[in-house]
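The values are calculated or read from the model by the stated rules, or taken from the named source; none is laboratory data. Quantities reported herein were computed from a predicted structural model and do not represent experimental measurements. Positions of Cβ are backbone-derived with ideal geometry, glycine not excepted, and every protein chain shown enters the neighbour counts.
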Amino acid sequence: MSTPHAAGLPLFVSAGDILTDLVRERDSRWLSHPGGAGWNVARAVARLGVPSAFAGAIGSDCFSDELWQASLDAGLDMRFIQRSQRPPLLAIVHQAHPPAYFFIGEASADLAFDPARLPEGWSAAAQWAHFGGISLARQPLAATLVALAADLRARGVKISFDPNYRNLMEHGYRPTLETMVGLADLVKVSDEDLRCLFGTDEDSALASLRAMNPQAAILVTRGPHTATFLAGGETIEAAPPRVEVVDTVGAGDASIGGFLFSTMRWPQRSWREHLSFALAAGAAACGHAGAHSPTLDEVVALMPAQ
């Protein structure tokens, strides 16, 4: 066990969006759910068994109290979550099928995140840092996170990036996309991300993405269909396990969380084995309502026999 880990600092840190989803039900009631892609990834890695943290800021309101408690319940390192007197960031999901949503939070708490307030020595302990989601489309937070990713990369921390396309990225996102891909050791995208970010067919979009950083490994997920992993000159394809789908919310976050967990827990394993674990994690998340973070036992149960 490394000295930093023994000192109680996390091996994995996700810095990105943390928010509350307000979802309208069929009878026009509204239900609130803690969420955010970056936060979901941190929970996924923590649930699987690697000391993890979510680095971000929340408010001091009822929604933020729920996010704080859910983070405690997930076993995240609470020293990385900052609180301010600003209002919360809300995602208003007024239609589920097809998804229709907008965000409320022009001066919300997430924008106040300050990396200088994180625990001393944390970057020396971290093996991976994950970035993505709408946090990278919201200034001044986006600039703060891009600078943090660059600093961590220079310190030898591996960088994972999942753009997780939302409508905030429709205009002006391309420079951030290029910078983050250039910093990343691993880029995770869905087929929908590729179409929306590049506005072309998937093959052309993937070629454009690879051209931004030929050295980065790329994981492409396609829901229940075959996923592709590219690293160097190697291309690996695998189909996710078949499960009875209850909810696909958070499945992509569970997949990248599973991949990162696998590389940290079993660094000696092959890319194919890491991919298999990632797809099993995403499938396990689909068996539950909401953004479920699967346990190690749930994921292993869906792994193909070796």
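Listing for the model above:
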{"quantity": "Top-ranked residue of segment 211-247 - restricted to ones that are under 20 Å from the mean Cα position of the chain (by Cα) and of a type in the set (D, E, K, R), ranked as farthest from Tyr173 (Cα to Cα)", "calculated": "Asp247"}
{"quantity": "Residue ID - surrounded by the most Cβ atoms within 10 Å (Cβ to Cβ), chosen from residues in segment 237-249 that are closer than 15 Å to Ala280 by Cβ and touching a strand residue (DSSP E or B) at 6+ places or on another chain (Cβ under 8 Å)", "calculated": "Pro240"}
{"quantity": "Test: residue in segment 103-122 that is more than 28 Å from Leu260 (Cα to Cα), at pLDDT 95 or above and not hydrophobic (A, V, I, L, M, F, W, C)", "calculated": "yes"}
{"quantity": "Residue that is farthest from His225 (Cα to Cα) [pool: residues in segment 255-293 that are touching a residue at least 60 places away in the same chain (Cβ under 8 Å), hydroxyl-bearing (Ser, Thr, Tyr) and not in a loop (DSSP other than H, G, I, E, B)]", "calculated": "Thr263"}
{"quantity": "Subset of segment 263-285 that is surrounded by fewer than 23 Cβ atoms within 10 Å (Cβ to Cβ) and farther than 19 Å from Glu234 by Cα - its residue that is nearest to the chain's Cα centre (by Cα)", "calculated": "Met264"}
{"quantity": "Helices (runs of 4 or more DSSP H) lying entirely in segment 1-80 (those with 3 or more residues that are at pLDDT 95 or above and surrounded by 19 or more Cβ atoms within 10 Å (Cβ to Cβ))", "calculated": "37-48, 62-74"}
{"quantity": "Output for segment 209-228, where each listed residue is over 26 Å from Ala285 (Cα atoms), loosely packed, with under 15 Cβ neighbours inside 10 Å and not small (Gly, Ala, Ser)", "calculated": "Pro214, Gln215"}
{"quantity": "Count - residues of segment 151-174 that are assigned to a helix (DSSP H, G or I), within 18 Å of the chain's Cα centre (by Cα) and without any contact (Cβ under 8 Å) to a residue 60 or more places away in the chain", "calculated": "3"}
{"quantity": "Total residues in segment 175-205, condition without any contact (Cβ under 8 Å) to a residue 24 or more places away in the chain and part of a helix (DSSP H, G or I)", "calculated": "7"}
{"quantity": "Residue satisfying all of: in segment 232-278; out of contact with any helix residue (DSSP H, G or I) (no Cβ under 8 Å at 6 or more places or on another chain) and acidic (Asp, Glu); farthest from His33 (Cα to Cα) among these", "calculated": "Glu237"}
{"quantity": "So Ala227, is it assigned to a helix (DSSP H, G or I) and among the hydrophobic types (A, V, I, L, M, F, W, C)", "calculated": "no"}
